[in-house]
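Chemist: Below you will find the structure I want to go over with you.
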Amino acid sequence: MIFVTVGTHEQPFNRLIKKVDQLKAQNKITDEVFIQIGYSTYLPQNCRYEKFISPAKMQALINQASVIITHGGPSSFIEVIRQGKTPIVVPRQEKFNEHVNNHQLIFCTDLQKRGFPIKVITNIEDLAEAIRAEKDNKQPKFHSNNQKFNQNLETLVRQLF
């Protein structure tokens, strides 16, 4: 199953939703697809969708999905990484009237360059290949080092006091 989320920003993200729907119609995506479409005005014809979903449903869809596609909002793709999966991130872009500026594009591109486990798509025509590559990806998934960091920090703080 493929899960797509565009978040809750009030500008439509029709470009991403149309592309996924088109890939499904062309059988370039054969998996079941669920899209959280937010304020988008394009309604998918070939995929299941809801405008907004609860945090619990989002967690369940992330757990169930073999491929997760998100917008460039950190709260969406960080949760995917926490689940040990590599998100395909399609940042909203100002030139498509998807956001007020290009901060998602700049931020996500920088994170990818720094080695964060995200696949950033800047050209929507590259989406089908990114989906195929993620389905074929046999690399070990990302594992957070937060718990070890927190334990080390706690030990250091205790030693200081």
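The values are calculated or read from the model by the stated rules, or taken from the named source; none is laboratory data. Computed from a predicted structure; not experimentally measured. A quick note on method: Cβ atoms are made from the backbone with ideal geometry, for glycine too, and the neighbour counts reach across all protein chains shown. For the accessible areas, the whole protein counts, side chains as well, though only heavy atoms, and no ligand, DNA or RNA atoms are used. Shrake-Rupley method; radii C 1.70, N 1.55, O 1.52, S 1.80 Å.
Chemist: Where nothing but the Cβ of Lys and Arg (+1) and of Asp and Glu (-1) is charged, how large is the charge dipole of the chain around its Cα centre, in debye to the nearest 20?
Modeler: Value, rounded to 20: 280 debye.
Chemist: In nm, give the distance between the simple-model label positions of Thr30 and Asn123, each being 7 Å from the Cα along the Cα-to-Cβ direction.
Modeler: So the two model labels end up 2.7 nm from each other.
Chemist: Run the dipole for the range 41-126 about the Cα centre, Lys and Arg Cβ at +1, Asp and Glu Cβ at -1, nothing else charged, and hand back the magnitude in debye, nearest 20.
Modeler: 220
Chemist: What value, in deg cm²/dmol to 500, does the helix sum -39500 (n - 2.57) over DSSP H runs of n ≥ 4 give at 222 nm once divided by the residues of the chain?
Modeler: Theoretical 222 nm ellipticity from helices: -12500 deg cm²/dmol.
Chemist: Can I get the semi-axes of the range 1-52's equivalent ellipsoid? Compute them from the C-alpha gyration tensor as square roots of 5 times the eigenvalues, in angstrom, largest first.
Modeler: Listed largest to smallest, the semi-axes of the range 1-52 are 18, 11, 8 Å.
Chemist: Let me ask something else. Would you calculate the volume per residue, in Å³, of the smallest convex hull containing every Cα atom of the chain?
Modeler: Once divided by residue count, the hull of the chain is 136 Å³.
Chemist: While we're on this one: Tell me the per residue accessible area of the chain using a 1.4 Å probe; a whole number in Å² is fine.
Modeler: Spelled out: the 1.4 Å probe surface of the chain, per residue, equals 58 Å².
Chemist: For Lys57 and Gln112 in one chain, what is 0.36 nm times their gap in residues minus the Cα-Cα distance, to one decimal in nm?
Modeler: 17.1 nm
Chemist: What percentage of the solvent-accessible surface of the chain, computed with a 1.4 Å probe over protein heavy atoms, is contributed by carbon and sulfur atoms?
Modeler: 52
Chemist: Between their Cα atoms, which of Lys51/Lys135; Lys51/Lys85; Lys24/Lys119; Lys19/Lys119; Lys24/Lys135 are more than 22 Å away from each other?
Modeler: Result: Lys51/Lys135; Lys51/Lys85 exceed 22 Å.
Chemist: Looking only at the range 78-108, which residues have a backbone nitrogen under 15 Å from a spot 7 Å from the Cα of Ala133 in the C-beta direction?
Modeler: Answer for this model: 86-91.
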